[in-house]
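**Student:** Sharing a structure here in structure tokens format.
The values are calculated or read from the model by the stated rules, or taken from the named source; none is laboratory data. Small disclaimer: the values here were computed from a predicted structure and weren't measured. Methodologically, a virtual Cβ is constructed for each residue, glycine included, from the backbone with ideal geometry; neighbour enumeration extends over all protein chains shown. Heads up: the accessible areas ignore ligands, DNA and RNA and are worked out on the full protein's heavy atoms, side chains in. Shrake-Rupley method; radii C 1.70, N 1.55, O 1.52, S 1.80 Å.
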Amino acid sequence: MNLDHIYREQFGRAVATTARLIGDIGLAEDAVHDAFADALRTWHDRGLPDNPGAWITTAARNRALDRLRRESLRGRKESDAAMVAPRPVDDETPPVADDRLRLIFTCCHPALTPQARVTLTLRLVCGLRTTEIARAFMQPEGTVAQRLTRAKAKIRIAGIPLRVPPPHLLPERLTDVLACIYLVFAEGYSATAGDQMVRPELCAEAVRLGRLLCELMPDEGEAHALLALMLLNDSRRGERSGPTGELLTLEEQDRSRWDPASIDEGMSRLRSAAALGRGPYLAQAAIAAAHARAPSFQRTDWRVIVGAYDDLMTWSASPAVRLNRAVAVGFLRGFEVGLAELDEVAADHRVAEGHTLAAARADLLRRLGRTSDAAVQYRLAISRVRNDQTRRYLQRRLDELPDGADPRDQRQIQSRDPAR
């Protein structure tokens, strides 16, 4: 029994359903935690139930109602019926009735700060633990825990409803909802921490939510663009790891095993999005489409990809976008040019302190034949990466270098790494 895997797979779904039943996100989260504690004891003795997710959700609902009953008794409520009744949820008739979509719209309420929205989504929808979110943000765990506590208190005190808002309020939430759905997909596609490179249940859930959002807002081009982006990337999810679980890059994947149905739907959604306007997700979907159309890595149209990154830069010049563009420039104009572009990105501490910059440098240096320099960067990336599968991939690349075992490079890392 892998309770940790079940936790990651079922936590968000259980919180969303329990919150809808009782109308209190904080109480729902506590109840789900209690349900998992019950599961640890019960399943050890009785074995795994046929449907662990349903077991957890039922146990969490019962736990929450028990707590409401005790609170009602202490408060001397007027009747037994009132004592056990769930807290009311808004009398809405949403066009899309889905517990997790309701939860995402609640996490994206404009009364919450942008950081709180992202943190709540990672915690409540993705099921990341506070320690994992703290590592992802490179912040103290206590800071993240306080942010979560304040955000849930804000929802409770302000009476923010757990619902999909009425149509006239949808546009003001769209940007944040799109970002949060993509956050769910990104965590599934490349897990922040743990021994899994990919969390398939989160990828599938994000795609499902993307489809629901397109039904809810059919004239929003960026909703279709996000769904296209997720489908095109998800088409190669099964090829992201090899037989023993090792990470496979685009260059190493068997393209004949990519999912053609996801690619076809992704391209269709991309055309729909392009007909409705421009936006950052359309630019990212164009990049994913260029990879999906390429018959081989060697025949990738890097000119199209760099052009799409240039378009994306007009919407978001984030460190991650600039880093990925620099790598694409390296494939288009030469790896030395790509390294020079990476040097400019390195001025931003948000990317300089993570593993991705060092990993990108290592790859370009390897392709240039500068193996000793590449080994330094691989070791630096390995020292900073949090995901076990990514660490093993970087170690494999390091071991493949002719000079990868040179112990003198370790001293260079210590002198170059400001985080040590």
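**Student:** Where the centroid of each part is defined by its Cα atoms, how far is the range 23-56 from the range 251-269 in Å?
**Tutor:** 37
**Student:** Find how much the distance from residue 316 to residue 135 grows on full extension, using 0.36 nm per residue of separation minus their present alpha carbon separation; answer in nm with one decimal. Intermediate results must be reported in sequence, preceding the final value.
**Tutor:** Details: separation 181, 0.36 × 181 = 65.16 nm, distance 2.32 nm.
Between residue 316 and residue 135, full extension yields an extra 62.8 nm.
**Student:** To continue, here is another question. Count the net charge of all other residues whose Cβ sits under 10 Å from the Cβ of residue 13, scoring Lys and Arg as +1 and Asp and Glu as -1.
**Tutor:** Summing Lys/Arg as +1 and Asp/Glu as -1 gives -3.
**Student:** Work through the residues other than residue 143 whose Cβ is under 13 Å from its Cβ and net out their charges, Lys, Arg +1 and Asp, Glu -1.
**Tutor:** +2
**Student:** Still on this model: If you line up the long axis of helix 25-46 against the longest principal axis of the chain, both from Cα atoms, how many degrees apart are they, to the nearest 10?
**Tutor:** Result, in degrees: 80.
**Student:** Residue 5 to residue 51: extension gain in nm, 0.36 nm per residue of separation minus the Cα-Cα distance?
**Tutor:** My answer for the length gained is 15.2 nm.
**Student:** Okay, next question. Taking the Cα centre of the range 205-273 as origin and charging only Cβ (+1 Lys, Arg; -1 Asp, Glu), how large is the dipole, in debye to the nearest 20?
**Tutor:** 80
**Student:** While we're here: Heavy-atom accessible area of residue 356 with all protein chains present, probe 1.4 Å, nearest 10 Å²?
**Tutor:** 70
**Student:** Counting Lys and Arg as +1 and Asp and Glu as -1, what is the net charge of the other residues whose Cβ lies under 9 Å from the Cβ of residue 322?
**Tutor:** Neighbour charge sum, excluding residue 322 itself: -2.
**Student:** Remind me, relative contact order of the range 205-358 in percent, using alpha carbon pairs under 8 angstrom and six or more residues apart?
**Tutor:** 18
**Student:** Let me ask you something else. Give me the one-decimal nm value for the distance between modelled label points at residue 336 and residue 248, 7 Å along each residue's Cα-to-Cβ direction.
**Tutor:** My value for the distance between the label points is 3.5 nm.
**Student:** Counting only protein heavy atoms and using a 1.4 Å probe, what share of the accessible area of the chain belongs to carbon plus sulfur, as a whole percent? The partial results should precede the final answer.
**Tutor:** On the way: 9660 of 19550 Å².
C and S atoms contribute 49 percent here.
**Student:** Over the chain, average the accessible area per residue using a 1.4 Å probe and give it in Å², no decimals.
**Tutor:** 47
**Student:** May I ask for the angle, rounded to the nearest 10°, between helix 221-234 and the longest principal axis of the chain, with both axes built from Cα atoms and the value confined to 0 to 90°?
**Tutor:** 70
**Student:** Calculate the length of the line joining the C-alpha centroid of the range 318-337 to that of the range 143-163, in whole Å.
**Tutor:** Taking the Cα centre of the range 143-163 as reference, the centre of the range 318-337 is 39 Å away.
**Student:** Say a site is exposed when it is one of the GluC sites (Glu not before Pro), sits in a DSSP loop, and has at most 16 other Cβ atoms within 10 Å; what is then the longest site-free stretch of the chain?
**Tutor:** Between the exposed loop sites, the longest stretch runs 93-245.
**Student:** Give me the number: length gained by fully extending residue 353 to residue 149, i.e. 0.36 nm times residue separation minus the C-alpha to C-alpha distance, one decimal in nm.
**Tutor:** 70.7 nm
**Student:** With a/c under 1.5 counting as rounded, go ahead and sort the range 316-407 into rounded, prolate or oblate using the C-alpha gyration tensor (a ≥ b ≥ c being the square roots of the eigenvalues; past the cut-off, prolate if a/b is larger than b/c, else oblate).
**Tutor:** Note, shape of the range 316-407 comes out oblate.
**Student:** Match the structure shown to one of the listed values [x] 1.07; [y] 1.01; [z] 0.94 of Cα Rg over 2.2 N^0.38 Å, computed from it, and give that label.
**Tutor:** [x]
**Student:** Follow-up. Mind pulling the angle between the C-alpha long axis of helix 260-276 and the longest principal axis of the chain? Nearest 10 degrees, somewhere in 0 to 90.
**Tutor:** Compared with the principal axis, the helix lies near 80 degrees.
**Student:** Heavy atoms of the protein only, probe of 1.4 Å, neighbouring chains included. What is the accessible area of residue 343 in Å², nearest 10?
**Tutor:** Accessible area of residue 343: about 90 Å².
**Student:** Is the range 137-214 rounded, prolate or oblate when judged by the Cα gyration tensor, a ≥ b ≥ c being the square roots of its eigenvalues, rounded requiring a/c under 1.5 and prolate requiring a/b larger than b/c?
**Tutor:** Oblate is the answer for the range 137-214, as a/c is 1.5 or above yet b/c matches or exceeds a/b.
**Student:** Now for a different question. Would you mind calculating the relative contact order of the range 120-234 from Cα pairs under 8 angstrom and at least 6 residues apart, reporting the percent as a whole number?
**Tutor:** This gives 20 percent for the range 120-234.
**Student:** Is the shape of the range 174-255 rounded, prolate or oblate, going by the alpha carbon gyration tensor and its root eigenvalues a ≥ b ≥ c, with a/c under 1.5 for rounded and a/b larger than b/c for prolate?
**Tutor:** Note, shape of the range 174-255 comes out prolate.
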